Every structure is written in structure tokens, then in C-alpha cells.
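*Asks:* Okay, here's the structure, questions in a sec.
The values are calculated or read from the model by the stated rules, or taken from the named source; none is laboratory data. None of these values were measured; they are calculated from a predicted model. So basically every Cβ, Gly included, is an ideal-geometry build from the backbone, and we count neighbours across all protein chains shown.
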Amino acid sequence: MNQHAKVDIRHSTCPHDCPSACALDVEVPEGRSIGRIRGSKQQTYTAGVVCAKVARYAERIHHSERLMYPLRRTGPKGSGQFARISWDEALDEIAARFDAAEREFGAESVWPYYYAGTMGLVMRDGLNRLSHVKKYSRFYATICSTIARIGFTVGTGKIAGVDPREMGVSDLVVIWGTNPVNTQVNVMTHASRARKERGAKIAAVDVYNNETMKQADIKILLRPGTDGAFACAVMHVLFREGLADRDYLARYTDCPDQLEAHLKTRTPAWASAISGVPVEEIEAFARMVGQTKRSFFRLGYGFTRSRNGAAQMHAALCIPAVTGAWQYEGGGAFFNNAGIWRFDESIIEGHDAIDPATRVLDQSKIGRILTGDAEALKGGGPVKAMLIQNTNPMTVAPEQALVRQGFAREDLFVAVHEQFMTETAQMADIVLPATMFMEHDDLYYGGGHQHISVGPKLIDPPGECRSNHEVMQALGRRLNAVHPGFDMTARELIDATLKKSGHGDIDTLEAELWRDLQPDFRTSHYLDGFAHADGKFHFKVDWGRVPVGSGGLMGAWERMPSLPDHWTIIEEADEQHPFRLATSPSRSFLNTSFNETPSSQAREGAPTVMIHPEDAKALSVADGDPVTLGNMRGETTLTARLFDGVRRGVLIAESIHPNKAHIGGRGINMLTGAEAVAPVGGAAFHDNKVWLRKASTLA
Ligand code: SF4
């Protein structure tokens with residue numbers, strides 16, 4: 001950088017799919033480019049810390065391979081052959097193809113598809129407005145958080161909990177089902193503060209000795225899908241050894257006697273056989289939790305990726321209700337703050353235009369949907385046209401064999417609005433270049449904390465990049481989609497949304513930089529009662545009466561245990577598939593974002609799978625050998641990494657590498673399933689039975 005360049009420090013919010021939603025101080029040299037990014041020291045959750053991949057954001061936003069112009073496919077699908085066209089040509093063609101599909105096959109043959117490549121409300125959710133106004137097939141978002149959210153809600157009555165900054169005044173921070181060193185670094189800031197200033201302990205409960213567990217004082221290594229068994233045994237010990245807070249239980253919970261009786265048979269020996277955690281470790285953990293009033297349970301998204309995940313989240317959440325930790329500063333539980341923002345997104349999403357009769361298609365089942373599965377299509381006709389924003393289903397969606405088959409259909413028209421030529425964009429008929437967050441205005445909330453903020457446009461976009469909202473406006477005009485949201489600028493949408501939500505206006509929030517919406521202590525700790533009608537924490541759940549989204553009840557919800565338990569619905573290993581595979585998040589990629597930046601690529605290297613050395617030995621696999629994993633859905637080939645931080649029979653593949661980075665070109669989601677997870681749908685990315693064999697490098 002020119003030493004004499006004028007460098008402004010501007011404020012923004014990280015838009016990536018990460019609960020931290022960090023408050024950013026951004027260097028903007030000469031008002032034209034982005035320099036170094038730092039975490040804001042003033043915002044008390046970010047507390048001056050951001051992850052390395054965003055600190056280096058200049059290499060992503062100024063990347064030489066960014067899409068700059070609209071493109072039209074000129075070769076076979078997936079060939080990568082495109083020619084530059086004008087925006088008008090691109091938008092006219094998309095509109096014409098959508099209208100043609102609607103005329104011939106009905107409006108539901110068009111399926112706009114998006115997800116959380118940005119978490120800004122305007123740029124993420126605006127596509128729903130087009131779907132609602134045009135009566136296109138609606139989108140049911142299941143790929144990430146549904147299962148963990150419902151598991152938390154059934155206990156507390158609301159997705160909200162203790163102020164996550166209270167981790168800093170806790171005496172025991174239990175980090176369970178999340179690897180924040182990789183995925184939300186700020187959790188470690190607050191947990192580490194407690195350790196440094198108070199001598200607090202950090203406990204990690206997970207399926208491998210990941211980067212967070214390596215920093216923890218107490219390490220609980222589970223087999224995937226057995227958290228519920230572990231939680232039950234912990235509660236068994238709490239009751240057995242007089243560590244349950246009976247006064248709290250009587251006042252704040254629904255059926256403590258029934259729970260205690262139910263847990264009599266859920267002994268540490270029973271849980272040890274299921275989870276692989278030694279009896280003495282279960283008992284020691286239970287005693288530590290029972291004897292530490294300020295125990296903070298930071299529960300994560302890992303729960304959502306298992307077929308029994310909702311029941312497991314609920315089981316883990318029951319522990320601080322048994323100990324009464326919710327009563328104390330630094331005690332209780334937190335998962336997400338969706339219950340406190342109160343955003344009214346009706347203008348952004350066009351809620352007034354929703355026709356409940358329009359079919360709702362499950363995001364996770366895109367492979368089945370595009371290959372004509374009647375059940376996934378809800379008995380309706382085929383999908384013939386799509387516009388995709390903020391997501392890369394050709395790499396991230398489960399059942400990749402079907403996804404690939406679907407996107408290869410000659411009769412399917414696909415437009416992709418993206419920042420880079422992703423594997424999904426390569427399958428498109430039309431590719432549109434998209435802005436990044438510092439090139440447009442948007443509105444953000446912190447899933448892992450309590451702040452809302454405006455992220456303003458800081459610099460002009462390169463080439464001909466346009467924002468998601470600009471594309472919505474241009475398509476809305478061409479498709480005769482009539483709704484006030486299409487006539488408003490992004491800033492006007494933000495302003496209207498804030499006003500409708502009771503959060504003032506855009507200018508005020510922008511001037512404040514962020515606003516802290518944490519409810520008061522009594523509310524956050526549910527000291528005046530939990531959010532159920534009876535004011536109690538619920539140990540007992542009627543899964544048939546949980547709050548459902550537009551998809552309704554799904555999966556084997558009738559078989560879910562009403563009290564905390566180990567629900568055996570997981571994809572257990574068997575003779576043909578002796579391993580259980582979890583596909584865990586890496587540190588330098590965020591789903592498939594950042595897999596285009598050189599520093600993240602260098603750090604992540606080639607796709608690997610972690611295997612216990614004894615398992616490797618039994619299969620004559622050495623460290624660095626290529627190995628093929630397979631099951632009834634497909635196969636993928638990666639490099640073996642011998643690692644004793646997993647239980648025998650467990651495999652961990654970190655990162656979603658591009659398919660093309662794998663030997664043979666088939667990525668990890670060839671192995672993951674899309675059947676609906678009970679009770680509200682989801683994708684069980686950490687719950688796969690597989691076989692493993694040594695591969696040839698030519699696989
Ligand atoms: S930790 Fe998460 S929110 Fe913070 S900068 Fe990194 S990706 Fe963004």
C-alpha cells in the first residue's frame with residue numbers, strides 16, 4: 001500500500017454464516033479498496049477479535065477470479081464454457097425462461113433457491129419476496145439450524161438464553177457440539193477470560209479432539225450421536241449424589257420426579273457402552289457440573305447434524321435445569337438469540353403475498369427434487385427453472401450423486417448469482433456477478449450474541465457486479481412482480497424493517513454502529529419463569545405439538561422419546577459399514593466460502609479424513625494413503641490422516657472442499673443423506689455409516 005495513501009477506518013459487520021457476526025473496523029484506503037480488517041474493540045462481544053480468514057478479507061474482495069460480468073453458457077452443462085453478455089440480455093433471458101416455465105408447467109415449476117452465503121436480511125431473504133409474489137415454489141430452509149433450534153425451544157420455550165458475555169464470569173464453561181476455535185472464535189475470547197481472571201475451567205464435549213478440545217481442561221470424547229446418552233448419565237449422577245437442586249427443580253421445572261425415576265436406569269455404565277466415554281469421566285464431569293454453580297452451557301450447531309439431534313440438544317439443555325445453574329450469573333445455557341431480535345421481515349420477504357397453497361420444497365432434498373422424486377416434489381410437477389443466490393448446492397447439499405444428476409438435466413434452466421465461479425455456477429445457463437458485503441448496504445443480527453447493526457456500503461463493486469437486491473428489482477420489473485419491496489432501495493428496506501420491528505430507523509442505528517438487545521438478567525436467566533405457558537422448563541416433550549415451520553412435522557417424530565434419552569435412530573455402523581463419519585467444519589473455509597482464497601487453500605491443504613491409528617492398522621492404511629469411503633449413496637476419496645483424537649470406528653472429514661479437490665472429483669457430500677430429520681426437517685451431515693478401503697491414486 002502507498003505509505004501516503006489516506007486510510008479511513010470504517011465500520012461494518014461480518015456477513016458470513018457464523019454466529020459471531022463480528023463488528024469490524026475496516027481500513028478503506030482512498031475510499032476505493034479494502035485493507036486490513038480488525039475486530040472492533042468497542043463492541044463488547046467481538047471485543048477486538050476476528051478470525052484470520054476475515055482479517056485477510058482483502059484477498060477475497062480483491063481476488064482476481066471474482067466474477068465481473070454476466071455470462072451465458074456456450075458449451076455443454078458443466079463444461080465451464082461461457083461468453084460475456086450484457087445485464088439486459090441476462091435478465092431478459094432469465095425472465096423469459098421463468099415465464100415460459102410458468103406458462104407450460106405452472107408457477108410452481110420455478111424454484112428460487114438461496115441460503116446463508118450472506119446473513120444480511122435484505123440480500124439473503126429478498127429472493128423469498130419474488131417467490132411469494134409470483135407463487136413460485138417456496139423454499140423450506142433445513143440445511144443448518146432447524147434441529148438444534150427446536151431441541152432448545154422445547155426446553156426453555158424460546159430460542160434465547162444467558163448473555164454469552166457471561167461466559168467471562170463463569171467458573172465452568174461447557175462448550176458442547178461446537179468447535180468455536182474454527183467456527184466462532186469469540187466464544188473462546190470470553191471463555192478464556194473466565195479462565196484467566198477467575199481460574200474457570202473449560203470443558204469440551206465433542207466427537208473428536210478438535211482445536212477447541214485441545215485448549216480445554218476437561219475433554220469428553222463421544223461417539224457421534226450419543227450426546228443424549230452422556231447427558232442422561234450425567235443427570236443420573238446429579239440425582240444419585242445429591243447434586244440436583246431440588247428447590248429449583250420444584251419451582252422452575254415441569255416433572256422432576258418423573259425425570260429422576262426415568263434416569264434410574266440411565267447409569268454411567270449404560271452411557272459408557274453407548275458413547276465410549278469411560279464411567280469415571282462421566283462421573284467426574286457430573287460432579288464438576290453439580291458442584292459449580294456458575295456452569296455455562298454453550299451449546300452449538302453440531303446437534304443439528306444428527307438424526308437424533310433435537311432430542312440430544314434437549315437432553316444436554318436439561319443439565320443446567322437439574323443443577324439450577326440458570327439462577328447464577330455466569331450459569332445457565334445459550335445456543336442462539338433468534339428469540340430476541342423481533343425482526344419483522346414482511347416487506348423484505350413479501351409475507352402479505354404468501355399463498356399457503358403454494359408448495360414448499362425442502363432445501364436439503366434438492367437432489368431428489370431435481371431428479372423427480374414424487375415425495376420430495378410434494379406430488380407436484382417437476383422443477384424447470386431456478387435462480388440461485390448465496391449458496392453452492394453442487395458442493396454443500398447432501399446426496400451429491402442426485403444433485404449432480406439433477407443439475408445436469410438439459411431441460412432445467414439455472415441462473416446463478418455469485419461472487420466466484422463455484423461448482424454450482426459452472427452448471428448454470430446464466431451466471432450473474434454478485435457484490436460482496438462491503439459493496440452494498442444490509443442489516444445484520446448476531447446469532448451468537450445480542451447486537452443488531454447496519455453494514456453500509458463502503459466501496460464501489462468491481463466490474464459490473466450487482467447486489468442481490470438490485471437483481472430482485474430488475475427481475476421483479478421484467479416478471480411483473482408487484483410489491484412495494486421491489487420499488488425500494490436496500491436502505492429503504494432496512495429502514496422500513498427497523499421501523500416495523502420497533503428498532504428505530506437506519507440513520508440512528510448506523511450512527512450507533514450497533515445496538516445491544518440483550519434482555520435484562522432476570523429475563524435472560526428465566527428467573528420469572530421459562531417461556532412456556534406454564535412458566536416451567538420442560539423435561540417432558542410432546543414432539544407432535546412443537547412449533548413447526550412451513551414444512552410441518554417431518555421424519556419419525558412419533559418415535560421421539562418424550563423424556564431425555566439416547567434415541568437410537570442414528571445411522572449405526574454395521575458389518576458392511578463399520579465406521580461412523582462426521583463432516584465437521586474447518587478453520588479456514590466457511591462452508592464453501594473462502595475455498596477460493598490462496599491463504600485458506602494453503603492452510604486447509606487437500607481433503608483428508610481422520611482415522612484412529614488402530615483402525616488404520618487393521619486396514620493396513622498408513623498416514624498419507626489415499627482412502628475411499630463409501631456407503632449406499634456414493635463414494636469419495638481423500639487422504640488418510642492418522643489421529644488418536646477420535647474413538648475407534650469414528651472418522652472425521654473437516655471442511656467442504658470442492659469436489660474437484662478430491663481424488664476422483666467426488667466430494668464428501670456424496671456420502672451424506674437428505675431424509676428429513678425429525679421433528680421439523682434437517683440434514684444429518686454428521687451421521688453417516690461408511691466403509692473405508694485403501695484407494696489407488698487413480699480412483
Ligand atoms: S469469526 Fe465469524 S463473524 Fe467473526 S469475522 Fe470470522 S467469520 Fe466473520
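*Asks:* Based on what the data block shows, is P561 within 23 Å of the chain's Cα centre (by Cα) and in a loop (DSSP other than H, G, I, E, B)? Explain how you work it out, then say what you get.
*Replies:* Details: within 23 Å of the chain's Cα centre (by Cα): no; in a loop (DSSP other than H, G, I, E, B): yes.
Here the answer is no, as P561 does not meet what is asked.
*Asks:* Within the stretch 202-222, is even one residue more than 16 Å from the ligand (Cβ to nearest atom), among the basic types (K, R) and surrounded by fewer than 24 Cβ atoms within 10 Å (Cβ to Cβ)?
*Replies:* yes
*Asks:* Enumerate the pairs (first residue in the stretch 138-160 and free of Cβ contacts under 8 Å to residues at least 24 places away in the same chain; second residue anywhere and crowded, with 24+ Cβ neighbours inside 10 Å) with beta-carbon separation below 9 Å, excluding pairs fewer than 6 apart on the same chain, so at least 6 apart or on different chains.
*Replies:* Sorted first by the residue in the stretch 138-160, then by its partner, the list stays empty.
*Asks:* In the stretch 17-92, which strands (runs of 3 or more DSSP E) lie fully inside it and hold 1 or more residues that are exposed (fewer than 15 other Cβ atoms within 10 Å of the Cβ) and either more than 11 Å from the ligand (Cβ to nearest atom) or of a type in the set (S, T, Y) (or both)?
*Replies:* Working: elements: 23-29, 37-39, 71-73, 82-84.
Hits in the stretch 17-92: 82-84.
*Asks:* Checking I656 against (1) buried (at least 19 other Cβ atoms within 10 Å of the Cβ); (2) not in a loop (DSSP other than H, G, I, E, B), which single condition isn't satisfied?
*Replies:* Status for I656: all satisfied but (2).
*Asks:* For T178, work out the one condition from (1) within 16 Å of the ligand (Cβ to nearest atom); (2) touching a Lys or Arg at 6+ places or on another chain (Cβ under 8 Å); (3) in a helix (DSSP H, G or I) it doesn't fulfil.
*Replies:* Only one criterion in (1) within 16 Å of the ligand (Cβ to nearest atom); (2) touching a Lys or Arg at 6+ places or on another chain (Cβ under 8 Å); (3) in a helix (DSSP H, G or I) is unmet by T178, namely (3).
*Asks:* Check every one of the helices (runs of 4 or more DSSP H) wholly within the stretch 417-519 and list those with 1 or more residues that are at pLDDT 95 or above, β-branched (V, I, T) and over 28 Å from the mean Cα position of the chain (by Cα).
*Replies:* Values: elements: 468-478, 484-487, 490-500, 506-512.
By residue number, 506-512.
*Asks:* Then there's this: Restrict the check to the stretch 560-571 and report whether at least one residue is in contact (Cβ under 8 Å) with a residue 12 or more places away in the chain and acidic (D, E).
*Replies:* Going residue by residue through the stretch 560-571, those that are in contact (Cβ under 8 Å) with a residue 12 or more places away in the chain are 560-571.
Add one more test, that the residue is acidic (D, E), and what stays is 565, 571.
Yes: one or more hits.
Residue-wise test of (1) modelled with pLDDT of 95 or more; (2) of a type in the set (S, T, N, Q); (3) outside the structural domain of N209 (by TED's automatic domain parsing).
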position: Q601; (1), (2), (3): no, yes, yes
position: M610; (1), (2), (3): yes, no, yes
position: G624; (1), (2), (3): yes, no, yes
position: T628; (1), (2), (3): yes, yes, yes
position: T636; (1), (2), (3): yes, yes, yes
position: R648; (1), (2), (3): yes, no, yes
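*Asks:* Got at least one residue in the stretch 588-601 being on the phi < 0 side of the Ramachandran plot, part of a strand (DSSP E or B), touching a helix residue (DSSP H, G or I) at 6+ places or on another chain (Cβ under 8 Å) and surrounded by fewer than 21 Cβ atoms within 10 Å (Cβ to Cβ)?
*Replies:* So far as the stretch 588-601 goes, no, none of its residues is on the phi < 0 side of the Ramachandran plot, part of a strand (DSSP E or B), touching a helix residue (DSSP H, G or I) at 6+ places or on another chain (Cβ under 8 Å) and surrounded by fewer than 21 Cβ atoms within 10 Å (Cβ to Cβ).
*Asks:* With the structure loaded, tell me whether S12 is more than 8 Å from the ligand (Cβ to nearest atom), within 30 Å of F334 (Cα to Cα), modelled with pLDDT of 95 or more and in contact with an Asp or Glu (Cβ under 6 Å, 6 or more places away or on another chain) or whether it fails that test.
*Replies:* Numbers: more than 8 Å from the ligand (Cβ to nearest atom): yes; within 30 Å of F334 (Cα to Cα): yes; modelled with pLDDT of 95 or more: yes; in contact with an Asp or Glu (Cβ under 6 Å, 6 or more places away or on another chain): no.
Considered against the rule, which asks whether it is more than 8 Å from the ligand (Cβ to nearest atom), within 30 Å of F334 (Cα to Cα), modelled with pLDDT of 95 or more and in contact with an Asp or Glu (Cβ under 6 Å, 6 or more places away or on another chain), S12 comes out as no.
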